[in-house]
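The values are calculated or read from the model by the stated rules, or taken from the named source; none is laboratory data. The structure presented is a predicted model; accordingly, all values stated were derived computationally and were not measured. Reconstructed Cβ throughout: ideal geometry from the backbone, glycine too, with neighbour counts over all protein chains shown.
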Amino acid sequence: MKAAVAVEDKIVRVLGEGGEVDASKDPRLSDRDLLTLYRAMLLNRMVDERMFRLQRQGRIAFYIGATGEEAAIIGAAFAMGEKDWVVPCYREFGAAYVRGFTLRDFFCQIFGNAQDLTKGRQMPVHIASSRLHVLSVSSPVGTQIPHAVGLAIAAKIRKAKEAALVFFGDGATSEGDFHVSMNFAGVFRAPCVFLCRNNQWAISVPRERQTAAPSIEIKAKAYGFEGVLVDGNDVLAIYATTKKAFEKARSGGGPTLIEAFTYRLGPHSTSDDPHAYRGEDEVELWKKKDPLIRFREYLEKRKLWHQDRETKLMQDLNEEILSTLKEVEQIPPPPPESIFEDVYAVMPWHLREQRDQLLRWLEERKKITESY
Ligand SMILES: Cc1ncc(C[n+]2csc(CCOP(=O)(O)OP(=O)(O)O)c2C)c(N)n1
Ligand SMILES: [Mg+2]
C-alpha cells in the first residue's frame, strides 16, 4: 500500500483515466501526430493478437508482445530524433516501427526467412536495424543497458548531438548491468535516457521482490541524476517526459531515468501461463486502464475519432497484417551456406572447406530424396 501512495503522489500524467487532458502539461502534438501514434499503438496490439494465434497454430516458434505497454514504448520512441539510438529489450517492435521498421521486415524476422534482416540467425522478435539506429534486441536481462551508455558516450566523444534511449523491465533493475550503467552514465554525464517499463512483473516475480524501494525512478538519485515517475499508460505523458529528457541529454545535461508505471496485460511470452502466479482480479483492474482506451477517449473528446473510424482502421490494419503475412510465409528460408558468411571480411580456408562440405552433402541428400 505504501508504494501505491508514493506512486500517486509523484506520477506525471497528462491524460486522466477518462481521457481528459491537463492543458498545462499537454505536449500539443498536431492532429496528424496524434493519429499516427494511435494507429501505431493499435497496430502493435493487433499484431500481438495475431502472432499469439500463429504460434498456437504452429506457424511460428515463439512470440513476445507489448500488450498493455504500447503507450510507454511507442510514446517514448516518437519523442526521439532521427539520429538518436534506440536500444531495445524484447517488447519494442512498436519503437522500431515508429522509426520506420516495417511490418514486412518484422514478419520476415519472425519467420527467419531469406529476407530477414538478421538472416534467420536470431530468435523470433529479435529485430535490429543499423539503418534506423535500432540496436539488436537483448534477451539476457539487462545486458542492453551498458550498450546504450556506450553509444551515448561515443556520441559525446564525437561531439554529435545524439542520445540513446534504452528500454528495460522492472526485473532488469536487479541486475548488476543496470547499476554499473547508471553509475557510469551519472559520472560521465552520458546523453542516455533510461526507460524502465515497470510492468509490475518479471515473468512470475512481482515488482515487490525486485526492490524494497518505494519506486524505481528513485534509484537515479543515488547515481546523481534525475528520475521521473510517469504514468506508462498515458502516451502523452510518456512522450512529453521523454522529449524533455532527450533535450536535456543533447544539450549536455546528462542522463534521466524514466519509470513508466504500466502493466503487462498478456502472458510474458507464448511460453508462459500467467494464471499460475497472478489473479484475474488484478488483470481486470488494469484492463480498465488500457492505454489504447484512454488515448481513444482523448481523441474522441477532441473530435478526432469516432466508432466508424475505429471500425474502418481495424479492418484496414487487419487486411494489412493478413496480406503481409500471406506474402512473407511464401518466402523460403535463407540458404544454409549463409551461416558461414559475415564473420570474416574474407572467408578463411577452414570455413570455405566446411561450406563446400555442407554444399556437397546438401546436393547428395537432394539426389537421394529425388530418387524416392
Ligand atoms: C540474465 C537472464 N536471466 C533470466 C532470464 C530469463 N528471463 C527472460 S525475461 C525475464 C523477466 C524480465 O522481467 P522484466 O525485466 O521485468 O521485463 P518484462 O519481461 O517484464 O518486460 C527473465 C527472468 C534471461 N533472459 N536472462
Ligand atoms: Mg517486468
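A few comments on the model shown:
- Checked against (1) at positive phi; (2) over 15 Å from the mean Cα position of the chain (by Cα), A114 meets all criteria but (1).
- Test: V180 is of a type in the set (A, V, I, L, M, F, W, C) and part of a strand (DSSP E or B): no
- Against the criterion of being part of a helix (DSSP H, G or I), among the aliphatic types (A, V, I, L, M), at negative phi and not assigned by TED's automatic domain parsing to the domain that holds Q122, L351 qualifies.
- Looking only at residues of segment 44-70 that are under 12 Å from the mean Cα position of the chain (by Cα) and not in a loop (DSSP other than H, G, I, E, B), we find that the one that is farthest from K326 (Cα to Cα) is E70.
- Taking the numbered list (1) over 23 Å from the mean Cα position of the chain (by Cα); (2) part of a helix (DSSP H, G or I); (3) of a type outside the set (S, T, N, Q) in turn, I331 passes all entries but (2).
- So I73, is it assigned to a loop (DSSP other than H, G, I, E, B) and hydrophobic (A, V, I, L, M, F, W, C): no
- Cβ-Cβ under 7 Å pairs, at least 6 apart or on other chains, segment 200-227 side among the small types (G, A, S), far side within 14 Å of ligand 2 (Cβ to nearest atom) and not in a loop (DSSP other than H, G, I, E, B): A202/G169; A202/G171; S215/E259; G227/E259
- Failed item, numbered, when V346 is tested on (1) more than 23 Å from A72 (Cβ to Cβ); (2) aliphatic (A, V, I, L, M); (3) in a helix (DSSP H, G or I): (3)
- Tally of residues being within 22 Å of A237 (Cα to Cα) and either away from ligand 1 (no atom under 15 Å from the Cβ) or not assigned by TED's automatic domain parsing to the domain that holds F167 (or both) across segment 191-216: 4
- Top-ranked residue of segment 184-233 - restricted to ones that are in contact with a Ser or Thr (Cβ under 8 Å, 6 or more places away or on another chain) and part of a helix (DSSP H, G or I), ranked as farthest from ligand 2 (Cβ to nearest atom): A220
- A237 meets the stated requirement of being more than 16 Å from ligand 2 (Cβ to nearest atom), within 21 Å of the chain's Cα centre (by Cα) and crowded, with 19+ Cβ neighbours inside 10 Å.
- Residue within segment 266-286 that is away from ligand 1 (no atom under 16 Å from the Cβ) and touching a residue at least 12 places away in the same chain (Cβ under 8 Å) present: no
- Subset tally (residues that are within 16 Å of ligand 2 (Cβ to nearest atom) and hydrophobic (A, V, I, L, M, F, W, C)) for segment 77-94: 1
- Looking across segment 144-164, the residues that are touching a helix residue (DSSP H, G or I) at 6+ places or on another chain (Cβ under 6 Å) and not in a helix (DSSP H, G or I) come down to K161, E162, A163, A164.
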